[in-house]
Amino acid sequence: MMIEGKNKKQMKLSQLKVGQTGTIMAFTDLEMSVKLMEMGCLPGEMVEVERFAPLGDPMAIRVAGYQLCLRKSEAAVIIIQ
Amino acid sequence: MNIKVALVGNPNTGKSTLFNRLTGLNQKIGNFPGITVDKKTGFTKLVEGRDAEIIDLPGTYSLYPKSNDERIVFQVLADKNNSSYPDVIVLIVDASNLKRNMLLFSQVADLGIPMVLALNMTDLSDKQGIYIHVDKLAAKLGVQVIPISARNNIGIDKLKTAVAYTNKIATQNNAVEVNFLAPEAIKAVKQKINTDNDYYALQVLHQHEHLSFFSESEQLEIEEIEKVNHFESSKLQAAETIARYKYLSTILADVVIDKGTAEKFSFSDKLDSILTHKVWGFAIFLLILFVIFNAIFAWSSYPMDWIETGFGYITEAGHSYLPAGMLTDLLLDGVIAGLGGIFVFIPQIAILFAFISILEDTGYMARVTFMMDKIMSKVGLNGKSVVPMIGGLACAVPSIMAARNIENWKDRMITIMVTPLISCSARLPVYILLISLIIPQKTVLGIISLQGLALMVMYLISFVAAILVAWVMKIIIKSKEKSYFIMELPVYRMPRWKNVFYTMFEKSKTFVFEAGKVIIAISIILWVMASFGPGNRFENIDNKYQSALLDTAKAEHVKTLIATEKLENSYVGILGHWIEPAIRPLGYDWKIGIGLITSFAAREAFVGTMATIYSVDGGDADTSTIRERMAASVNSRTNLPVYSFATGISLMLFYAFAMQCMSTVAIVYRETKGWKWPIIQLAYMTAMAYFAALIAYQLLK
């Protein structure tokens, strides 16, 4: 089980704000997780939110040394710490 | 001796640049059997006396496909009898992002096909402070590793030599023992399909539904193995991916030395903050769209004029030098006219694709998708649909070809289906003629011209129609493909002018050769229908005017009389009469009916046909005089003017919605590789046109 502390709160990637970082912990959708992992979003990887599209969705994150964009609904399956 | 070499790699790794480097203009586009994806092949000389056929497989992040395009990669690599099955695979990876790229390498390596690893973009990784121990990597993987820069033409010869001397038996070390994932099922499948490769067997378990070389009973048996062993595809894919990354971490740990600073993306980040800015982002995008639109609309008009003049000259010269007769007429008015109708599109296609290629190459297109996704996905379109739709204002043909950049099948189909609704430049002459007939030349509020307003309304209608139809199709079209928007945003780079040139050339060539066939066929059919009539009607017309023709003063006038009467009595004319009952409720007579039929070739042909039909009183094909004659024409049944306000509006709506363009039909056929979609499109657009025109006329008359 994961240790839950005050500054180690778990949340969805889609809830992060620009500039915030987190570590990928788990996924809530199996099928989507395969695609995300193939794109380098592995458990244990650091992600940083780079920007949101002008209309608020999708979002761009930095992961595994490159920039990836995904819809908020897709980011919501990524649980980060 | 010829060997077959397949290029495999992630998107954005410079795979197509390498393909162009290797093959130059010596490439051709074919089909993968049964799939709507282009197969690009070409030839190259590896070393003296050894040539290779290069096959460019679609870019993919993994052997587990997320789209139909990606599916091809495994379909080709899984089937030894496939005509594209390679002797050697060149796996191309982006050296500046090695780990993610190597996932695909490790999967492909485990299939046991001889391969070479091409480390591309080493110039970029050098700049980013990433150092790769090439020899160490090669030793660990058991394959040749060649650092290249496809863009700067570095290392290409070394790569060719490496491919030429690649061992016929795969030398790579097995990356991951996948047996632990599903030992029983893998064992059973290995026996069933007679292979000793665990990974191949595992892939077959995952993807056998898409491998057509298995017979129905084999499919059922594999299905049975899955069931008995509780084979859970997604779960096993996830486990395999994690195992592969674990393996890659150990392999790459002392191979890649990243001295890079956090600043390596600073340039791209700065550009992004402007180019995807709330205000500036859209403003710049609009400006770029305007430049593109202006280019295909205005710049292309000069070369298009030259092409038209050129073909006009050939036809004229042909008529004066070749012996008169049916064969000459067929050649000049059927075939040459058809060819002219094809070549005239080349400037627009080349210009639009020059821009698209630049936008793709620089990485800007990915940002467009990023910015527009939210709006466009609401109506079933894709962020990338914006470019084809704006291009549709000039011409649907290159725009539909541009929809190829949309990876998602459903989004791409919807874009193709609605793009011809956007008011293209060929509708303009029809609108102008009809507006001048029915809308008074007045201004309201001092400055707003009523005619201009009417024209603008026609353009607005076209956009609203496209969006509505897209929205309806989003609901109707079923897609098995899950729509992801998980996409790489590549770093900004300078465009490669050679790639731009290749794209322009290749797209023009594809259009001429593939859509051209259909266009020529329809041109000839239309020419036959307009030039011949049943029985001896034509002879009778010739006989009737024979004596009148002798009067040289009136010869020109008589000739037009003959032309008009012949058109009335041709198959087209008869068809025009025949469909009159169907189009009467729309406010049209048989003369308009003829116009509708001939303008199936292209909308602007309506104006030309009207000129012929109304040229009874002689005179040239001057629009203003046709306009006057059309305005004066009276319906013989009702004794009312034919071109009333109601008929005019009804006709404009008809041209707004109807698929009156054989070139578009031809290109949709070519882009979707079948008649299903062009026929659906033709049917829905014609139905929409008919009912819109019907309702408008019945309300306004």
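Could you pull out the residue among A:Met59, A:Met39 that is under 20 Å from B:Met365 (Cβ atoms), of a type in the set (A, V, I, L, M) and within 8 Å of chain B (Cβ to nearest Cβ)? Before the answer, list the steps.
Working: A:Met59 fails: within 8 Å of chain B (Cβ to nearest Cβ).
The unique qualifying residue is A:Met39.
Only residues that are surrounded by fewer than 11 Cβ atoms within 10 Å (Cβ to Cβ) and either assigned by TED's automatic domain parsing to the domain that holds B:Met529 or not in a helix (DSSP H, G or I) (or both) were counted in segment B:310-340, giving 3.
Taking (1) closer than 30 Å to B:Ile257 by Cα; (2) free of Cβ contacts under 8 Å to residues at least 60 places away in the same chain; (3) assigned to a helix (DSSP H, G or I) in turn, B:Glu70 satisfies each apart from (1).
Would you say B:Tyr669 is under 30 Å from B:Lys39 (Cβ atoms) and within 28 Å of the chain's Cα centre (by Cα)? Yes, satisfied. Tally up the residues in segment B:232-263 that are in a loop (DSSP other than H, G, I, E, B), surrounded by 11 or more Cβ atoms within 10 Å (Cβ to Cβ) and within 14 Å of chain A (Cβ to nearest Cβ), please. Of the residues in that region, 2 qualify. Just one of the listed residues (B:Asp87, B:Asp123, B:Asp79) is in contact (Cβ under 8 Å) with a residue 40 or more places away in the chain and in contact with a strand residue (DSSP E or B) (Cβ under 6 Å, 6 or more places away or on another chain), and it is B:Asp87. Filtering segment B:92-115 to residues that are surrounded by fewer than 24 Cβ atoms within 10 Å (Cβ to Cβ) and more than 14 Å from every other protein chain (Cβ to nearest Cβ) leaves B:Leu111, B:Gly112, B:Ile113, B:Pro114. Residues in segment A:20-41 that are over 10 Å from the mean Cα position of the chain (by Cα) and not in a helix (DSSP H, G or I) were compared, and the one that is farthest from B:Glu240 (Cα to Cα) is A:Gln20.
For A:Gly44, the conditions (1) touching a helix residue (DSSP H, G or I) at 6+ places or on another chain (Cβ under 6 Å); (2) part of a loop (DSSP other than H, G, I, E, B); (3) surrounded by fewer than 20 Cβ atoms within 10 Å (Cβ to Cβ) all hold with the exception of (1). Just one of (1) within 14 Å of chain A (Cβ to nearest Cβ); (2) out of contact with any Asp or Glu (no Cβ under 7 Å at 6 or more places or on another chain); (3) closer than 28 Å to B:Val93 by Cα fails for B:Lys168. It is (1).
Could you say whether any residue in segment B:427-442 is assigned to a loop (DSSP other than H, G, I, E, B), surrounded by fewer than 18 Cβ atoms within 10 Å (Cβ to Cβ) and at positive phi?
no
Does segment B:640-648 include one or more residues that are hydroxyl-bearing (Ser, Thr, Tyr), in contact with a Gly (Cβ under 7 Å, 6 or more places away or on another chain), closer than 22 Å to B:Leu682 by Cα and at pLDDT 75 or above? Looking for residues that are hydroxyl-bearing (Ser, Thr, Tyr), in contact with a Gly (Cβ under 7 Å, 6 or more places away or on another chain), closer than 22 Å to B:Leu682 by Cα and at pLDDT 75 or above, one finds none in segment B:640-648, hence no.
Does segment B:192-213 contain any residue that is assigned to a helix (DSSP H, G or I), over 30 Å from A:Thr28 (Cα atoms), away from every other protein chain (no Cβ under 14 Å) and touching a residue at least 40 places away in the same chain (Cβ under 8 Å)?
no
A single entry from B:Tyr484, B:Tyr545, B:Tyr459 fulfils the requirement of being surrounded by 14 or more Cβ atoms within 10 Å (Cβ to Cβ) and outside any helix (DSSP H, G or I): B:Tyr484. Select from segment B:402-416 the residues that are surrounded by fewer than 24 Cβ atoms within 10 Å (Cβ to Cβ) and part of a helix (DSSP H, G or I) and write down the one among them that is modelled with the lowest pLDDT. Across segment B:402-416, the extreme among qualifying residues is B:Asn405.
The values are calculated or read from the model by the stated rules, or taken from the named source; none is laboratory data. On a predicted model such as this, the values are computed, not experimentally measured, just so you know. Every residue, glycine among them, receives a Cβ derived from its backbone with ideal geometry; neighbour counts consider all protein chains shown.
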